[in-house]
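For reference, the structure is listed below as structure tokens.
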Amino acid sequence: MTLRRGGFRWADLPSILEDLPASGGTAREEPEDFIVREVPAYEPSGHGSHFYMHIRKRNLTTRDVVKAFVAHGISESRIGVAGLKDKHAVTEQWLSVPWSQHDDARRALEALDGTEILQESRHKNKLGVGHLHGNHFTLRIRDASDAQVKAASERFQALTQRGVPNYFGPQRFGRYGGNVEDGLKLLDGAQVSGDHRLKRFFLSAVQSWLFNRVLALRIEEGLFFGLTDGDWARKHETGGTFKVEDPASETPRVQHAEISALIPLHGKKVRMSDGHAGELEAQAFGELGVRWAQLATRRGDRRLSRVLLTNPSFEAEENGYTLAFQLPKGSYATAVLREVTSQPVDEPTVPQDEVKVDA
């Protein structure tokens, strides 16, 4: 039995901790078990034409808040958010609206159960997507034995030294893992329900699946801590990006966590790579049944294959443990949880009628 084309399963994405004992435990039993605090790129100045709100919400997505603002007369195009946050969690983030509608925003939040305003301010510009350094996570894992807590501690310590595969998490692929399938339909010229924003998200899910598959192939080949012909790399400390001319001479820098390979999110600005890196990308494209030209409407980018944990901490507790760490924007805490717990965290549920048998 196999999942539909483009589905998401953690089992398809190799771990980098296969050399360590498996752990266990239960994640996200309560919303308070998954706490996310946005790390903003800048603090509001206190002056300007935009009203900034630092809010805390429980069991609500960022989209839920945006829709509440729209219902109170605020145009969606004038609402600013830096990033999207999970629903089954307690999350803190900044949002902005025009100052002329600050009362509307307050009323919207007062009417929306599960939200509170932590801080208010003003700033000269609308908050934009990506206007954040990253997110800080505090994650509680329950139902873990003493042996599992010990194994989890060892695995977490290894991640602080090795880094974490920068997989796109299951949230990217939809509740039933069908976002890629809808994206593929769009690439084939078929009609898919949803507005323009949602259709862009479906196409980004195709890019994300290809990224995950290329990263999986690299890990299977032992390239998580190395480089190959055709690679690009990025310096973790400065963010500088460069084409790798001599993989062998640069590999020690990967092993010392100074740099990591970049993997394409293919689009008009990013074509297929040269050399062996391009061969791995071509294999992923072939498995999904798409061509680079079909993604030419997307801008394209390069994404780190590995992220490093900042400010990591591990605390053993009765019947479980708590993890805390910071990730750069765009990276997924579920990828960390999966490595630590050895469990398929948040894996999409696939109804029986969505499963097919290989021919």
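The values are calculated or read from the model by the stated rules, or taken from the named source; none is laboratory data. Predicted, not measured: the structure shown is a model, and the values here were computed from it. Using ideal geometry, Cβ is built from the backbone for each residue, glycine included, and neighbour counts are taken over all protein chains shown.
Working carefully through the options Glu287, Glu258, Glu347, Glu318, find the one that is in contact with a Lys or Arg (Cβ under 7 Å, 6 or more places away or on another chain) and outside the structural domain of Asp182 (by TED's automatic domain parsing).
The conditions single out Glu347.
Give the residues of the range 206-257 that are more than 21 Å from Tyr167 (Cβ to Cβ) and part of a strand (DSSP E or B), sorted by residue number.
Lys235, Phe242, Lys243, listed by residue number.
Residues to consider are Gly226, Gly222, Gly239; find the one that is under 23 Å from His133 (Cα atoms) and surrounded by fewer than 21 Cβ atoms within 10 Å (Cβ to Cβ).
So the residue among Gly226, Gly222, Gly239 that is under 23 Å from His133 (Cα atoms) and surrounded by fewer than 21 Cβ atoms within 10 Å (Cβ to Cβ) is Gly239.
Criterion first (at positive phi and touching a residue at least 60 places away in the same chain (Cβ under 8 Å)) does Gly169 satisfy it?
No; evaluated as a whole, the condition is false for this residue.
Can you name the residue in the range 297-328 that is under 26 Å from Arg197 (Cβ atoms) and surrounded by 14 or more Cβ atoms within 10 Å (Cβ to Cβ) and, of all such residues, is farthest from the chain's Cα centre (by Cα)?
Going residue by residue through the range 297-328, those that are under 26 Å from Arg197 (Cβ atoms) are 297-304, 327-328.
Narrowing the set further to residues that are surrounded by 14 or more Cβ atoms within 10 Å (Cβ to Cβ) leaves 298, 300-304, 327-328.
Numbers: Arg298: 19, Gly300: 17, Asp301: 15, Arg302: 14, Arg303: 11, Leu304: 12, Leu327: 10, Pro328: 10 Å.
Filtering the range 297-328 for residues that are under 26 Å from Arg197 (Cβ atoms) and surrounded by 14 or more Cβ atoms within 10 Å (Cβ to Cβ), the one farthest from the chain's Cα centre (by Cα) comes out as Arg298.
Would you say Gly286 is free of Cβ contacts under 8 Å to residues at least 12 places away in the same chain and loosely packed, with under 15 Cβ neighbours inside 10 Å?
yes
Within the range 193-211, is even one residue farther than 26 Å from Lys87 by Cβ, out of contact with any helix residue (DSSP H, G or I) (no Cβ under 7 Å at 6 or more places or on another chain) and without any contact (Cβ under 8 Å) to a residue 12 or more places away in the chain?
No, the range 193-211 has no match at all.
Test Gln171 against the criterion of being of a type outside the set (Gly, Ala, Ser) and surrounded by 15 or more Cβ atoms within 10 Å (Cβ to Cβ), and give yes or no.
When the stated conditions are applied, Gln171 passes them.
Where in the range 1-120 are there strands (runs of 3 or more DSSP E), lying fully within it, with 2 or more residues that are touching a residue at least 40 places away in the same chain (Cβ under 8 Å) and more than 30 Å from Glu339 (Cα to Cα)?
50-58, 90-98
Within the range 270-282, is there a residue that is over 20 Å from Pro165 (Cβ atoms), assigned to a loop (DSSP other than H, G, I, E, B), at pLDDT 95 or above and touching a Gly at 6+ places or on another chain (Cβ under 6 Å)?
yes
Does Ser331 fit the bill of being crowded, with 18+ Cβ neighbours inside 10 Å and in the same structural domain as Gly222 (by TED's automatic domain parsing)?
Considered against the rule, which asks whether it is crowded, with 18+ Cβ neighbours inside 10 Å and in the same structural domain as Gly222 (by TED's automatic domain parsing), Ser331 comes out as no.
From the residues in the range 25-53 that are touching a helix residue (DSSP H, G or I) at 6+ places or on another chain (Cβ under 8 Å) and buried (at least 18 other Cβ atoms within 10 Å of the Cβ), which one is nearest to Asp143 (Cα to Cα)?
Gly25
So which of Ala108, Ala89, Ala68 is closer than 17 Å to Ile35 by Cβ and either in the same structural domain as Pro21 (by TED's automatic domain parsing) or among the small types (Gly, Ala, Ser) (or both)?
Matching residue, one of Ala108, Ala89, Ala68: Ala89.
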